[in-house]
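Notes follow the structure.
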Amino acid sequence: MAGIAIQRVVKAYGSTPVIHGIDIAVAEGEFAVLVGPSGCGKSTLLRMIAGLESITDGTIAIGDRVVNDLPPRDRDIAMVFQDYALYPHKTVFENMAFGLRMRKSPEDVVKRKVDAAAEILKIGHLLQRRPSQLSGGQRQRVAMGRAIVRDPKVFLFDEPLSNLDAQLRGEMRVEIKRLHQQIKTTIVYVTHDQVEAMTLADRIAVMKGGYLEQLGTPDDVYSRPASRFVAGFIGSPTMNFVDATIGAAGGTIRLKSGVTLAVPTGRHAELAQLAGRSVVFGIRPEHLSFGARGPDVVGVATKASMVEPLGSDTLVTLSLDGAEMTARFPPEAGVRVGDTVELGISMSRFHLFDPESGHALAVRPKL
Amino acid sequence: MSATPVVRHRLTKLERAEQRLGWALLAPAFLLLVGVVLYPVVELINQSFRFNQLTMPWMGTPFIGFDNYTKALGDPRFWHATLNTLIFIIVTVPGAVIVGLGLALLANKPFTVKWPVRLGLLLPWALPLVFAGLIFRWFFEYNVGLVNAVIKMFGGQPLTWLSDPTLAMIGIFVAIIWKTSSFVALVLLAGLQTIPKSLYEAAEVDGASSWQQFWEITLPMLRPAIVVALIFRTITAIQTFDIPYAMTNGGPGDATETLAMYIHKNTIDFLDIGYGSALAVLMFVVSALVTAVYLRHTQRNPARVAT
């Protein structure tokens, strides 16, 4: 086992930079998730750790060894690919044994290790089949089996669940988490799915356009997003954003639509330095309530313009004089399109962002 | 075929109209096949059982049973031509596949400028066979040929390439392999491009060297394409004609004469239609057998072929 130190890493194709100097330190045994939209550079960064892409500038170290110039086979890593990359002409056993055999392990060791890995992943009965005879979930397990038999310092996962259907994805997510708890090897996991990132990660690195937007625990990126991008990317449905202005002494927030919200006294000091500034007001759907009850909740009159029942919750899109917000209501609320709804805004949970840079302005303290 | 009894039901008017249209659409292709394939083959077989020498028109074309075939089996020149054809198959089929595999691997490399490789790959394939034969006849020509010029440049003695029986065979091998390997390369290149890149990446992470990747991934994954290329190449090798015809015309003597050339000689030069037809039927049977192997191969479960 080993940690990974990514320092000022740059990747450029010709003169086109795609990763602009990223620093991430992954601790030994940590489950780190790189998340972001397509083209953000997360897969490229993973492939640079693997050695499948060259590093233009900066260093990557696995353990205490800088691996920039080492070929993949000398980095002591194992990788699970998005398409699994199983060798179709080899049996499951041969697939899992491949890495060991290439390293000239004695056959009895190969057999013991493959059987042990098959045991962990419950694929012992599939060892003589070929990949074409397996289901998607089984192939996924074999791909993970191929990685764990090698007992590497680091596991790399490149969007391993994106080819599975929703139900299987949920199951495999649990499997991967259990696997990590069992073998405790350092994992770097790439995904574009924020649910996977939140559920699996010890720490999440949110990337955008080749930059690291935020590195933190799932609670950090959810509760204290560093930028409007992170706030919008993490959480589903996405955070509501409304242009607003901070009132005098930070006591009020005036939304673009004309509604003025009173800020709880506890946050006045935090907002005072922003008085008079244009900001982007952000609030998550789960922090909007049906009716204004409870401390620090401000009521606003709105009109329901769309209703999406999910069963456990109902998503309601509401308009407040031109601005729109989506709220997560209990289904008992029974809101219908066109209804007038008193929307409760939990003023202890809002976020403020700079309209130009997108940076978070007021950092909400830990609850 | 399943054993379930077919329940015949009366066709509706619409179904009958569709059936008629179906037959009408099939008819042109069917008639064309009858005209250009079925009729010539039947006529060939018919002629092979007859005495038909255009030099002796007064003899007519009487039916003589298997006489032409018994003549062939006792004809040393037929056996020699068959042996030559076999040698061409044994040498040039694997030769073309090995060279073609090399070319395909080369063409599969991510070159920044792709056209020279593509041109090199396609040019031999696009050239007419006779033209390729003529080029190589010049290459191996004694006085002004390129090969002897190179030998002389390095201080060697020029060789009588096309008038020595063994050297003439070697010259023809080279020409055939050069000409046919590009077709093999195209087939194999298509096969190579279906191998996912991630397999090589996984193998690289797994610790396989380039050589191990070739043996463990490329070659087994390419096996179906190699089999197809081998069979196609074998079928064309059975019919080897143009290149030796243009380079040596079967010479010196009949040292490089193939079965197809001997058939040509009998029918066109000696005007012995009956005997030529019998020889052609024998060659046709061999070709049909190889084609049958090919059909069996392609009709196998595609999933098994791929794995």
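Only the coordinates and a few stated rules stand behind these numbers; no lab work does. Predicted model only: the values in this text are computed from it and were never measured. Positions of Cβ are generated from backbone atoms using ideal geometry, with glycine treated the same way; all protein chains shown enter the neighbour counts.
List of remarks:
- Between the listed residues B:183, B:283, A:201, the Cα displaced farthest toward the positive end of the dipole of the protein assembly as shown, a dipole computed from Cβ unit charges relative to the Cα centre, is found at B:283.
- Chain A: angle of helix A:107-121 to the longest principal axis, Cα-based, in degrees nearest 10: 30
- Sum of side-chain charges, residue B:182 neighbourhood, beta-carbon under 14 Å (Lys, Arg +1; Asp, Glu -1): +3
- In plain terms, the residue of A:208, A:104, B:71 with the fewest other Cβ atoms within 10 Å comes first and the most crowded comes last, giving A:104, B:71, A:208.
- FRET E, pair residue B:79, residue B:153, Förster distance 51 Å, beta-carbon r, rounded to 0.05: 0.80
- Helix A:136-149 vs. chain A, principal-axis angle (Cα, 0 to 90°, nearest 10): 60
- Average Cα contact separation per residue, chain B, under 8 Å, 6 or more apart, as relative contact order %: 28
- Sequence-separation-based contact order of the stretch B:1-90, relative, with Cα cut under 8 Å and 6+ spacing, percent: 14
- Rounded to the nearest 20 debye, the dipole magnitude of the stretch B:67-306 is 540 debye, with +1 charges on Lys and Arg beta carbons, -1 on Asp and Glu beta carbons, and the Cα centre as origin.
- Counting every other Cβ atom within 10 Å of each residue's Cβ, A:359, B:80, A:351, A:287 order from fewest to most as A:359, B:80, A:287, A:351.
- Distance between the stretch B:1-80 and the stretch B:218-264 - C-alpha centres, whole angstrom: 26
- Neighbourhood net charge (11 Å Cβ-Cβ; Lys/Arg +1, Asp/Glu -1) for residue A:158: -1
- Shape analysis of the stretch B:67-306 places it in the oblate category; the axes a ≥ b ≥ c from the Cα gyration tensor give an a/c of at least 1.5, with a/b not above b/c.
- When the Gaussian network model of chain B links Cα atoms closer than 10 Å, the mean-square fluctuations of B:207, B:171, B:102 top out at B:207.
- Across peptide A:45-55, the mean count of Cβ atoms from other chains lying within 10 Å of each residue's own Cβ comes to 1.
- Take every Cα pair under 8 Å whose residues are at least 6 apart in sequence, average their separation, divide by the length of chain A, and the relative contact order is 15 percent.
- Fewest-first ordering of B:79, B:115 by other beta carbons within 10 Å of each residue's beta carbon gives B:115, B:79.
- Summing Cβ point charges (Lys, Arg +1; Asp, Glu -1) relative to the Cα centre of the protein assembly as shown gives a dipole of roughly 740 debye.
- In this structure, the amide hydrogen of residue A:28, modeled 1.01 Å from its nitrogen in the peptide plane, lies closer than 5 angstrom to those of A:3, counting only residues at least 5 positions away or on a different chain.
- Part-to-part distance (alpha-carbon centres) for the stretch A:221-262 and the stretch A:1-64, which is given in Å: 32
- Listed residues A:360, B:149, A:170: farthest to the positive end of the dipole of the protein assembly as shown (Cβ charges): A:170
- Vicinal HN-Hα couplings computed from phi for the stretch B:273-279 (Karplus, 6.51 cos²θ - 1.76 cosθ + 1.60; Hz; Gly/Pro x): 5, x, 5, x, 5, 4, 4
- Here the sum of -39500 (n - 2.57) over DSSP H runs of 4 or more residues, divided by the residues of the protein assembly as shown, equals -14000 deg cm²/dmol at 222 nm, to the nearest 500.
- Length available on full extension from residue A:262 to residue A:356: 0.36 nm per residue minus the Cα-Cα distance, which gives 31.4 nm.
- Distance between the modelled labels on residue B:106 and residue B:160, one decimal in nanometres: 3.4 nm (7 Å Cα→Cβ projection).
- Here the label points at residue A:270 and residue B:227, each 7 Å from Cα along the C-beta direction, are separated by 6.9 nm in the simple model.
- Sequentially through the stretch A:285-295, phi angles give Karplus couplings (6.51, -1.76, 1.60; θ = phi - 60°) of x, 6, 9, 10, 10, 7, x, 9, 9, x, x Hz, Gly and Pro residues having no value and appearing as x.
- Residue A:279 sits among other residues whose Cβ lies under 12 Å from its own Cβ, and their net charge, with Lys and Arg +1 and Asp and Glu -1, is +1.
- Counting only other chain Cβ atoms within 10 Å of each residue's Cβ, the peptide B:184-197 averages 1.
- Using θ = phi - 60° and Karplus 6.51 cos²θ - 1.76 cosθ + 1.60, couplings along the stretch A:329-344 (whole Hz; Gly, Pro as x): 10, x, x, 5, 4, x, 6, 10, 4, x, 5, 8, 10, 8, 8, x
- Shielding value for B:203-216 is 6, the average number of Cβ atoms from other chains within 10 Å of each residue's Cβ.
- Of A:111/B:197; A:153/A:208; A:42/A:177; A:42/B:109; A:153/A:177; A:208/B:114, pairs whose Cα-Cα distance is over 24 Å: A:111/B:197; A:153/A:208; A:42/B:109; A:208/B:114
- If R0 is 51 Å, the Cβ-Cβ spacing of residue A:184 and residue A:339 corresponds to a FRET efficiency of close to 0.45.
- Between the listed residues B:273, B:222, B:235, the Cα displaced farthest toward the positive end of the dipole of the stretch B:67-306, a dipole computed from Cβ unit charges relative to the Cα centre, is found at B:222.
- Taking amide H positions as modeled 1.01 Å from N, with prolines and chain starts lacking one, the residues under 5 Å from residue A:34 and 5 or more places away or on another chain are A:189, A:190, A:191, A:205.
- Amide H contacts under 5 Å for residue A:214: A:206, restricted to partners 5 or more places along the chain or on a different chain, H placed in the peptide plane at 1.01 Å from N.
- Full extension of the chain segment joining residue B:170 with residue B:113 gains 17.1 nm, where the gain is 0.36 nm per residue of separation less the Cα-Cα distance.
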